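The values are calculated or read from the model by the stated rules, or taken from the named source; none is laboratory data. Computed from a predicted structure; not experimentally measured. Positions of Cβ are backbone-derived with ideal geometry, glycine not excepted, and every protein chain shown enters the neighbour counts. All accessible areas refer to the heavy atoms of the entire protein, side chains included, with ligands and DNA or RNA removed. Shrake-Rupley method; radii C 1.70, N 1.55, O 1.52, S 1.80 Å.
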Amino acid sequence: MDILNNAIAGTLESSDAQVQVFPQSGKLSIYVESSVMNQYGRQIKKMAEETLAKLKVKEGKVVIIDKGALECTLKARIECAVFRSCGQSESNIPWEVL
């Protein structure tokens, strides 16, 4: 799956996260900013890499601004931002890869 357009998912509210994705050719870059960076920063980045790999995203820039969200929320925000960047809707989301 390719990141075709800029897209965003989530909020900056407490216990949530905002994920932004941008097209970028040649490499996949993941940036994480978190209120719990010292405790969970490596785990957040690892989960983001695994989620993007499952979606077969190989290129793009992903910015995660975490405000203490649970891992399942972070994963859902990443998936949503990637799907939005591709113009996916409820009718054509590839549920089998999730």
Going by the conditions given, is residue 87 touching a residue at least 60 places away in the same chain (Cβ under 8 Å), surrounded by fewer than 18 Cβ atoms within 10 Å (Cβ to Cβ), assigned to a loop (DSSP other than H, G, I, E, B) and not hydrophobic (A, V, I, L, M, F, W, C)? yes
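Take the residues in the stretch 1-19 that are farther than 14 Å from residue 83 by Cβ and of a type in the set (A, V, I, L, M, F, W, C); name whichever of them is least open to solvent (accessible area, probe 1.4 Å). Explain how you work it out, then say what you get.
Pass one, the stretch 1-19, residues farther than 14 Å from residue 83 by Cβ: 11-18.
Still in the list and also of a type in the set (A, V, I, L, M, F, W, C): 12, 17.
Details: 12: 92, 17: 0 Å².
Ranking the candidates gives 17 first.
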Please determine whether any residue of the stretch 20-34 is surrounded by 14 or more Cβ atoms within 10 Å (Cβ to Cβ), at pLDDT 95 or above and in contact with a Cys (Cβ under 8 Å, 6 or more places away or on another chain). no
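Could you check the stretch 7-44 and list, in sequence order, the residues that are more than 10 Å from residue 60 (Cα to Cα) and among the polar types (S, T, N, Q)?
If we filter the stretch 7-44 for residues that are more than 10 Å from residue 60 (Cα to Cα), which is where we start, we get 7-20, 31-44.
Selection gives 11, 14, 15, 18, 20, 34, 35, 38, 39, 43.
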Can you tell me which residue in the stretch 50-82 is most open to solvent (accessible area, probe 1.4 Å), limited to those that are under 15 Å from residue 4 (Cβ atoms) and not in a helix (DSSP H, G or I)? 58
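Within the stretch 37-47, which residues are touching a helix residue (DSSP H, G or I) at 6+ places or on another chain (Cβ under 7 Å) and either surrounded by fewer than 21 Cβ atoms within 10 Å (Cβ to Cβ) or of a type in the set (Ser, Thr, Tyr) (or both)?
47, the sole residue that qualifies.
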